[in-house]
1. Averaging the inverse of every distinct alpha carbon separation and then flipping it gives the Kirkwood radius. What is it for the range 543-665, in angstrom units?
2. Using alpha carbons only, how many angstrom separate the centre of the range 473-521 from the centre of the range 212-262?
3. Excluding residues on the same chain fewer than 8 positions from Lys175, give the lysines whose Cα lies under 20 Å from its Cα.
4. Taking only DSSP H segments of four or more residues, each worth -39500 (n - 2.57), what value at 222 nm results for the chain once the sum is divided by all its residues, to the nearest 500 deg cm²/dmol?
5. Output the 0 to 90 degree angle, nearest 10, between the alpha-carbon long axis of helix 304-315 and the longest principal axis computed from the alpha carbons of the chain.
6. Which value in nm describes the separation of the simple spin-label points at Asn386 and Arg716, placed 7 Å from the Cα toward the beta carbon?
7. Calculate the FRET efficiency for Ala398 and Ser97 from the Cβ-Cβ distance with a Förster distance of 56 Å, rounded to the nearest 0.05.
8. With a 10 Å radius around each residue's Cβ, average the other Cβ atoms per peptide and rank 521-529, 321-329, highest first.
Amino acid sequence: MPSPAASSSIFSAILKYLGATVVLAIVLAGFLTPPLAIGSVLSADAVNIAKSLPAYMQNIQLQSVSTMYGKKNGVYTPFATFYDENRVPVKYNQMSSLMRHAVISIEDPRFYQHGGVDFLSSARALVQNQVAGGIQSGSSTITMQLVRTELVEAAVWSNNKKAIANARVDTLARKIREMRLAIGMEQQYTKNEILTAYLNSISYGGTIYGVESAARYYFNTSAKDLTLPQAALLAGMGPAPNAYRPDIQDNLKRTTARRNLVLERMHQHGYITKKQMQDAINTPVETHITPQIQGCAAASDNAQFFCSYVVNVIRNDKSFGKTADERFAYLRRGGLKVYTSIDLDLQDQVQSQLDSYISRDSKFGAATTVVKVGTGEILAMVENRNYDPANQDASNVASTSINYNVDENYGGSSGFQGGSTYKAFTLLDWLKNGHTLNDKLNAPAPVTLQAKSFPDRCEPGGWKGTWPLQNAETEPSSFTVAYATKMSINTGFAAMAQKLDLCDIRDTAESFGVHRADGQAMQHNPTSVIGTNEVSPLTMAAAYAGIGNNGTYCKPTAISRIVSSQTGQEHSVPSASCTSAVDANVARTAIQALEGTFNGGTATTANPNDGTEIAGKTGSTDNYWQTWLVSTTSQVAQATWVGNPEGGNRTDLRKVYINGVQGINVRLAYPKTMLKVLNQHYPAVNFQDPGAATTTATSIPDVTGKSVSEAQSALRSAGYNPVTGSTIASNQPKGTVAATSPTSGTASASGSSVTLFLSDGSGKLTVPDVTGMELSTAVAQLKALGFTDVRRKDGGNLTDSVLVQSLSPAVGDAVSTDTPIILTTQ
């Protein structure tokens, strides 16, 4: 809450009144209060009472709605909300004066006269209750009610069920405590601040909390624009919000009566004229119920599965809480603005394309993930199912909670065998070892291969047994590596693997982020060469984006920024991380071969033929249970899977037709139109020539502090391909370039990509991931970013030839430039 503003002179007067009002104990509960209880309220002076306000009550954050944003027409637009309490806090001047006057009139007419506890009103309430023989009038002031609400709120945030119960139980001890804290609160905050907090905090029935959310839900308006009848109705809901809800027909008679009572009190206290009162009383109760549906199931723009992925990213991130449940609770309660990478226009179009080829109630599953080359940003994530988080009806194949696009820990899918899409990594390892695309392979089919003929440094003693192998089509027995790639010849890639090392092939795949979706270790046996590892579309899209990015792999990211809607504070998010997986010349040579897949090869019918250079691989598994198409341009990569979901009887896709298309060809027919959409949204330049990677390397110019357009121009002039990444904490002016990857001064081949990271203007820097780097390289990168104090934990020399094992503060933390960065080396 804001700064204190009550005067000690007023408080002294209240204390004198307290001293004279020994009947306080009777007032509180209708019977004599133990003397010690009264003493606890009366014994402290103004300063001590103010100090008695607990520290946690000075910084309580009311639960409020969290919102997820994606870009639509280039502008961040909300597409999902989350809440336990649907609350949108607003400022004092964003609330109608009619609303403020209405709630004061009915709840606490002497609000601006008392010091937190109104003993005059309490005495009056006692008399009324004694005469009536029951509770007819309350004695809690607005400040006391706010204290109770905040005590409950603090208990909820702590997940302490006992504390929650204690904060709500109606006892004398609780009343005494509320009084003491109310007096302390009035010493620290102004009346207007307290009234604002109160109107933002109270319940208006169901999950509606705070006057702004109530105005939106019941009347489709804002708290600032409430009319007199509307304000009076909301003000009257305080004592029993669910009993006075105007959206319940059975409540309308008593709701109207309560509203009219508020209007009479407003006239009585001089806030409205008699005519205004009568006109409002004569106005029928009219609502315009406008629910704010929440959760990923209600996400707009077909973004439900992407939304669920973002939620699971937060659930798996320890910086949001100790447990997954706590982290999800933080999202529901924390009033966060979560800015994501999704392109909502693209998402909607790609989903529409998929729906036109395979229905949501098909027994077969399909999914596509689209990733930005050079940044790893996830632009689209679709599948042919309706998102159902409860997944209540297992027989309804059209709905599921499982996100086919992502790993088991992030969406429930254990992945699908990648088939021949994995061959790209054998190709890359082949080129890394000095072989060429024109090398001839002698690889007849069918053939039975000895497992021990496949070198594997990770398998002492070698592999045992045999591997019977055949090709999908009849092929010649001798051909080049380029032809083997173009036509996806199994025996050709087996022959290549026999000249390589299976463990090295696995390591090459892992350097592009490839991993099993079920979290198990990657297989590296002979059959793994043709794609037996179960992977996710997201993993494969990001890997091929790395190949299209001249061999630089960027870890996929879904969250750009997270900001508190109440405080403006930035929350650390998983940072963008790009690392060189293979030499640029190797990647460009591989691209040259992978382009053949779309030009006379196995993906020819998927080529959109729109002039865009495209490279990739098809993939299928034994019996054609799973099929794939993974591709990349210089701007975007995508991975499409069509096949049999987990469980149940599996069907050979060669033997069925889906909407008139043979099952094995849906992975080609659908992407043909989808790829054209991608290229329209993200026009690509041609791939770099393999030879370009061998040209003389030059130093990347320093563009920090420059505008995006200036930085792009400078990088292009220097022969680089600039791509825009995420926004990070930085001391550079907001919107300018905060850092680049690779960093300025790095010698890099002409034509390679340089990612621009933009400043959030916070004055801080984001700690980058330098683990695994040579110590001297890590130190240079940290200092280039602006960190002035870089040290080794063991106090050793910063130029020693060792690798960085870990660092503190943690990767992704936003810290000041002079914060010591402590590196632990291996």
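1. About 17.1 Å, per the Kirkwood formula over Cα pairs.
2. Here the two parts' Cα centres lie 68 Å apart.
3. Filter leaves Lys51, Lys161, Lys162.
4. Result for the chain, helices only: -10500 deg cm²/dmol.
5. Its long axis makes an angle of about 80 degrees.
6. Here the answer is 4.7 nm between the modelled labels.
7. Once the sixth-power term is evaluated, E becomes 0.65.
8. Highest-to-lowest ranking by the protection proxy: 521-529, 321-329.
Read the figures in this text as sums done on the coordinates, not as results from a lab. Predicted model, so just to flag it, every value in this text is computed and none were measured. Reconstructed Cβ throughout: ideal geometry from the backbone, glycine too, with neighbour counts over all protein chains shown.
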